[in-house]
2 protein chains.
Amino acid sequence: MSEKITIYDIAEKLNITAATVSRALNNNPKIKESTRELVIKTAAAMNYKQNKLALALKSGRSNNIGVIVPRIDSNFFASVIRGIEEELHPHGYQVIICQTHESPKRENENLYTLIDAQVDGILMSVTDVTTENDGAFRNVLEKNVPLIFFDRSKHIDGVSSVTINDFKGGYLTTKHLINEGCRCIAHLSGDQSLEIFKNRFLGYKQALLDNGMIFKEEYVIPVKSSVDAGKEAVDILLQLETPPDAIFSSSDFAALGAIQELKERNISIPKEFCVAGFSNEPFTKFMELSITSVDQSPLEMGKMAARVFLEQVDKTDTIKIEKKVVLAPELHIRKSSSRSTI
Amino acid sequence: MSEKITIYDIAEKLNITAATVSRALNNNPKIKESTRELVIKTAAAMNYKQNKLALALKSGRSNNIGVIVPRIDSNFFASVIRGIEEELHPHGYQVIICQTHESPKRENENLYTLIDAQVDGILMSVTDVTTENDGAFRNVLEKNVPLIFFDRSKHIDGVSSVTINDFKGGYLTTKHLINEGCRCIAHLSGDQSLEIFKNRFLGYKQALLDNGMIFKEEYVIPVKSSVDAGKEAVDILLQLETPPDAIFSSSDFAALGAIQELKERNISIPKEFCVAGFSNEPFTKFMELSITSVDQSPLEMGKMAARVFLEQVDKTDTIKIEKKVVLAPELHIRKSSSRSTI
DNA sequence: AGTAAATATGTAATCGATTACACGAAAATA
DNA sequence: TATTTTCGTGTAATCGATTACATATTTACT
């Protein structure tokens, strides 16, 4: 078992004090050049490694940042985390992962745990806006720990966010469906308490109105992000007096379910019915009948969130600047809605 | 900005020493019951939070564990990490994520960084067996930090691992293809320096031999795990004198590419040609022509790796027990290879 | 040579919690 | 009552690094 070498060990060996060793290693200009070289050489020879915990305790900075997501095993969140890790790694930060599983209680708990662990910042996607975890959020802000929301945001003074323009995503997609000749476009909506879903819906609605189409409440079906939910939604929609001829789904999984159900009923896609999803999950482009979807550039979102964090950290004296970064959504048009190319 | 409350603050308020406060909070039996209650009540009232960094420095334990994976944005690794996090969270551990991007240099760097950060354990999937990062691994073991490999393992004395029986996975799949009537089965192989791919290949070979079929070198095409690689492989295979009538791919992505290329050539699947992949990526079951694949139960693998870690941590005095957990692969038979059900 | 200025290093406190050891007071025993 | 236990708490060292302040040594200048 290798001994743990401290600056005291180096000091002892060289008959100097730990203070001098510390200064030499930190390039303090007051240290004689010859001493510095000697210390550095000796430190290397003894295989000295700085104890990060001691440093963290002294400085109050752990060089860890916390990331809270509903779950990690979703392509979107995993990609965001990848972006965060890649951007922050060069700066010496380590990424701590926490999952909420959409539970506000877990979210609350994670926030406190991360603060306890003295992270230097928290990047997160909120779980639920209705529940009041404001205590936990306030606690973070009071501790002066930079807090940055990505994708699923929440309005809190002084908190920056990185999101995509979901409204535009919904608008573009709906507009595209209209352009393809669809006349009655339904929408599979997500949890309206989350802005992202609210905005996708609003974009959908606005696109309808801007293009002389009627918005009908009955065409909006709330779904969970699952294949089955998509199937059920189609079942409901097709029973309407005037069934729709297109679906803009706020979830790729629901879009997939919808497609499966439509096929089951021998409805031809995209000829008779067009479908578009949201998130650009990998499978959407792999399908034989590839699915039109909105890309949220998760990698870029993660990197951007990390950059916003880097801007805010260490600026405790400055008045905190609330930065709202909004990325542009990118509509990937594929077979499930491409009548023109057929 | 909320003050940071320490045990000294509590001590001062109650006119006792920090030692007593510490003991009271830690349920030390030597503390008078009345004192303990008073301390606990006061701590709560003052909103005291234990400083984890100080504790970590004193105890040498950070309550963090490091996870190193090639990349996080792959369904498999993300699911493993999910399993790890869920299993370790109740025990108070936080999970630090590192990516190698298949670079041995990054792997090396990550290992040292995690040790520097005083993690209490490292769970990882190795990147490459050929490169000698042995120094870094030895460093981990010398520091007495539990090291556990999952999926991609490496033979190092005293290191436990959690893997699936890749040999069996390859064997079962190949056997299945044989049962479906395939006579010439090709294999898209992965990096043979990694045991997982080696074993999938060996399982494939053994199944052929056990069932009176001939093994041909030319039927084994090394591929990267990508759609394009699968397409190219098919291109090569179909130019052979005796082209195969089935493919067992060590990668789902390559299997997908193969299927796309076969369709391109109007070869009917599974009638004329069967295809099976490995990993059970989400898209394999979503496809209209769903793809037969081997499930590696990543969630379970992560949980198991975490459990092995929990068993090993804190047992520094005991002789380290090398534990090799091998999970059973599960073949999911789908349309891409199901002649019987058609 | 004598003093000021510059340079290099040492001393000791600090970050916050834990804990071996010491000690005084109360309770138990002789 | 004297002595030993037991109990509860205080003292101070420790984990490893940083740093304000003090001090010693050189160098520069009159």
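Values quoted throughout were computed directly from the atomic coordinates according to the rules given, and no laboratory measurement underlies them. In this text, all values refer to a predicted model and were calculated from it rather than measured experimentally. With ideal geometry, Cβ positions are generated from the backbone for all residues, glycine too; neighbour counts draw on all protein chains shown.
Worth pointing out:
- Residue-count net charge about A:ILE81 - beta-carbon cut-off 14 Å; Lys, Arg +1, Asp, Glu -1: -3
- Cα-Cα over 30 Å, subset of A:LYS231/B:LYS205; A:LYS205/A:LYS324; A:LYS30/A:LYS143; A:LYS303/B:LYS224; A:LYS198/A:LYS285: A:LYS231/B:LYS205; A:LYS30/A:LYS143
- Counted by Cβ distance under 14 Å from A:THR284, the other residues give a net charge of -4, where Lys and Arg count +1 and Asp and Glu count -1.
- Cα centre as origin, Lys/Arg/Asp/Glu Cβ charges: chain A dipole, Debye: 1160 debye
- Largest-first principal axis extents of the Cα set of chain B (Å): 91, 40, 34
- Beta bridges from DSSP with both residues in chain B: antiparallel share about 10 percent, rounded to the nearest 5.
- Farthest positive-ward along the protein assembly as shown dipole, Cα basis, beta-carbon charges - from B:MET213, A:ILE247, A:SER293: A:SER293
- Going from the residue with the fewest nearby Cβ atoms within 10 Å to the one with the most, A:MET124, A:MET213 rank A:MET213, A:MET124.
- The charge dipole of the protein assembly as shown, taken about its Cα centre with unit charges on the Cβ of Lys, Arg, Asp and Glu (plus for the first two, minus for the last two), comes to roughly 1460 debye.
- Inter-chain shielding of A:89-102 (mean C-beta neighbours from other protein chains, 10 Å cut-off): 4
- Difference of contour (0.36 nm per residue) and Cα-Cα distance, B:ASN47 to B:ILE236: 61.2 nm
- Length gained on full extension, A:HIS91 to A:SER193: 33.2 nm, using 0.36 nm per residue less the C-alpha separation.
- Shown for B:ARG339: label points 7 Å from Cα along the beta-carbon vector, and their distances to the equivalent points in the other copies, 4.2 nm in ascending order.
- Residues B:PHE167, A:PHE76, B:PHE248 in ascending order of nearby Cβ atoms (within 10 Å, fewest first): A:PHE76, B:PHE167, B:PHE248.
- Gaussian network model of chain A, Cα within-10 Å springs - most flexible of A:SER103, A:SER249, A:SER59: A:SER59
- Label spacing, shortest first and in nm, from A:LYS263 to its equivalents in the remaining copies (7 angstrom along Cα→Cβ): 0.9
- Normalised convex hull volume, the stretch B:7-50, alpha-carbon set, Å³ per residue: 58 Å³
- Peptide B:72-83, shielding by other chains (average Cβ, 10 Å cutoff): 6
- Projecting the Cα atoms of B:ILE72, B:GLN260, A:ALA305 onto the charge dipole of the protein assembly as shown, computed from C-beta unit charges around the Cα centre, puts A:ALA305 farthest toward the positive end.
- The modelled label-to-label distance between B:SER22 and B:ARG339, using points 7 Å beyond Cα along the C-beta direction, is 7.4 nm.
- Placing unit charges on each Cβ (+1 for Lys and Arg, -1 for Asp and Glu) gives the stretch B:7-50 a dipole about its Cα centre, and among B:LEU25, B:ILE10, B:TYR48 the Cα reaching farthest toward its positive end belongs to B:LEU25.
- Residues whose placed amide H lies under 5 Å from that of A:LEU331, excluding near-sequence neighbours: A:ASP295
- Taking every DSSP beta bridge that has both ends in the protein assembly as shown, the antiparallel portion is near 10%.
- At the listed q of 0.14 Å⁻¹, the Debye profile of the stretch B:22-112, built from one uniform point per Cα, gives log10 I(q)/I(0) equal to -0.71.
- Residue-count net charge about A:ALA229 - beta-carbon cut-off 14 Å; Lys, Arg +1, Asp, Glu -1: -4
- For the stretch A:7-50, the dipole from Cβ point charges (+1 on Lys and Arg, -1 on Asp and Glu) about the Cα centre works out to 100 debye, to the nearest 20.
- Overall form of the protein assembly as shown per C-alpha gyration tensor (a/c, 1.5; a/b vs b/c): oblate
- Acute angle (nearest 10 degrees) that the helix A:104-116 long axis makes with the longest principal axis of chain A, alpha-carbon atoms: 20 degrees
- Relative packing of B:169-180, A:223-234, B:329-340, which averages over residues the other C-beta atoms within 10 Å, highest first: B:169-180, A:223-234, B:329-340
- Ordering of A:285-294, B:259-268, B:145-154 by burial proxy (mean other Cβ atoms within 10 Å per residue, highest first): B:145-154, A:285-294, B:259-268
- Packing-based exposure ordering (other Cβ within 10 Å, fewest first) of A:VAL80, A:VAL126: A:VAL126, A:VAL80
- Between A:LEU14 and A:ARG265, residue separation times 0.36 nm minus the direct Cα-Cα distance comes to 82.0 nm.
- Nearest-first distances (nm) between copies at A:PRO90, label 7 Å from Cα via Cβ: 4.2
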